[in-house]
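A short worksheet on the structure shown next.
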Amino acid sequence: MINIKSLIKIRPLFKNYVYTIQRGLAKGLKRKGGMSFIPQLAKPSKEDLFLSGLDLKDNIIFDIGAFEGVFTLFFARAVGDRGQVYTFEPNPINYNLVLENVALNGFEQVKVINTALGDTNGKLNLVFRSFEAGSGSLNTTIQSKFFHTDKLQTVEVSLDTLDHQIAAHNLPTPDFVKLDVEGFEPQIIQGMQELLKRAKPTLFIELHGFMLDTEKDTYWSGIVEPLLDLGYSIKHIETDRKITKNLSNPPLDGHIYCWISQENHNCKNIL
């Protein structure tokens with residue numbers, strides 16, 4: 001059996017290796033770093049199957065929390081030349097790698113922004129494992145619980161709300177927002193209320209409630225309640241459950257897909 005932790009620790013050995021991705025959503029595209037040169041060893045995840053079924057052509061997509069940009073590459077290919085992808089990645093190591101991976105594939109429809117998003121503006125410490133920059137979190141509970149036994153790096157990052165980023169930089173209104181920020185999802189939802197009320201974009205959110213203890217309920221309600229209040233329908237991808245208020249045993253990991261109406265989402269063939 002493959003030891004995932006061991007694989008993670010040897011990832012830095014391939015940080016300068018450029019290759020063609022052999023598996024997943026970005027298969028066939030170029031990448032620097034990571035270990036996606038290993039062919040598919042298992043069935044595609046429900047996340048990958050779901051996203052690959054979306055019709056994103058010509059969409060404007062916000063990719064919030066990009067790591068090394070694999071989803072950014074997938075989105076750039078999916079939207080085509082007439083679409084746009086705006087990627088937000090606060091970790092300067094990851095930010096530079098996303099830029100390189102985008103350039104390797106010649107995607108001119110991608111803009112990468114080196115800032116963290118949340119519910120206010122200012123500065124925060126981003127903490128991540130030295131051998132796994134994708135583990136970075138702004139959530140102090142996750143930082144203290146999961147990172148105390150590993151060699152860590154801390155970097156101060158700029159923080160802003162998505163609503164302010166859109167207004168200050170004249171960003172276009174997204175059709176689709178992907179959100180994966182290691183436990184900081186509720187804060188970002190709070191900081192994009194104007195966008196949600198005005199445009200109601202479709203959202204695809206990775207859940208990290210399993211990393212929390214006493215904050216699990218607050219984390220869950222901070223994501224789904226504002227969306228349900230705005231009229232969103234929400235589906236948990238891995239279990240195919242419809243999400244409602246006061247749901248017993250809500251999912252704390254996996255992914256949720258959030259949309260307003262049958263006419264305003266991109267996955268009519270799946271839902």
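The values are calculated or read from the model by the stated rules, or taken from the named source; none is laboratory data. Given the structure is predicted, the values throughout are model-derived calculations rather than measurements. Using ideal geometry, Cβ is built from the backbone for each residue, glycine included, and neighbour counts are taken over all protein chains shown.
A compact table of results
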| item | result |
| --- | --- |
| Residues (under 22 Å from the mean Cα position of the chain (by Cα) and either of a type in the set (S, T, N, Q) or under 24 Å from Arg198 (Cα atoms) (or both)) located in the stretch 228-241 | Leu228, Leu230, Tyr232, Ser233, Ile234, Lys235, Thr239 |
| Every residue from the stretch 208-266 that is among the polar types (S, T, N, Q) and either surrounded by 15 or more Cβ atoms within 10 Å (Cβ to Cβ) or not in a loop (DSSP other than H, G, I, E, B) (or both) | Thr218, Ser221, Ser233, Gln262, Asn264, Asn266 |
| All strands (runs of 3 or more DSSP E) inside the stretch 18-104 with 3 or more residues being more than 15 Å from Pro174 (Cα to Cα) | 18-20, 30-32 |
| Members of the stretch 160-182 found to be in a loop (DSSP other than H, G, I, E, B) and under 17 Å from Lys123 (Cα atoms), listed by number | Thr161, Val181 |
| Single condition Gly183 does not satisfy, out of (1) surrounded by 22 or more Cβ atoms within 10 Å (Cβ to Cβ); (2) closer than 20 Å to Phe50 by Cα | (2) |
| Residue list for the stretch 15-27, filter: without any contact (Cβ under 8 Å) to a residue 60 or more places away in the chain, out of contact with any Phe, Trp or Tyr (no Cβ under 7 Å at 6 or more places or on another chain) and either of a type in the set (Val, Ile, Thr) or under 23 Å from Gln109 (Cβ atoms) (or both) | Thr20, Ile21, Gly24, Lys27 |
| Subset of the stretch 28-77 that is exposed (fewer than 15 other Cβ atoms within 10 Å of the Cβ), among the charged types (D, E, K, R) and free of Cβ contacts under 8 Å to residues at least 40 places away in the same chain - its residue that is nearest to Glu206 (Cα to Cα) | Lys43 |
| Residue match in the stretch 67-85 (condition: under 30 Å from Thr214 (Cα atoms), out of contact with any helix residue (DSSP H, G or I) (no Cβ under 6 Å at 6 or more places or on another chain) and either modelled with pLDDT of 95 or more or not charged (D, E, K, R) (or both)) | no |
| Residue satisfying all of: in the stretch 35-59; under 22 Å from Gln109 (Cβ atoms) and of a type in the set (Gly, Ala, Ser); nearest to the chain's Cα centre (by Cα) among these | Ser52 |
| Filtered residue count, the stretch 44-56, keeping only those that are touching a helix residue (DSSP H, G or I) at 6+ places or on another chain (Cβ under 9 Å) and over 21 Å from Gly83 (Cα atoms) | 1 |
| Residue check for Ala168: over 16 Å from the mean Cα position of the chain (by Cα), under 25 Å from Gly53 (Cα atoms) and modelled with pLDDT of 95 or more | no |
| Pairs, first without any contact (Cβ under 8 Å) to a residue 24 or more places away in the chain in the stretch 199-227, second of a type in the set (Val, Ile, Thr), C-beta under 9 Å, six or more apart | Thr214/Thr141 |
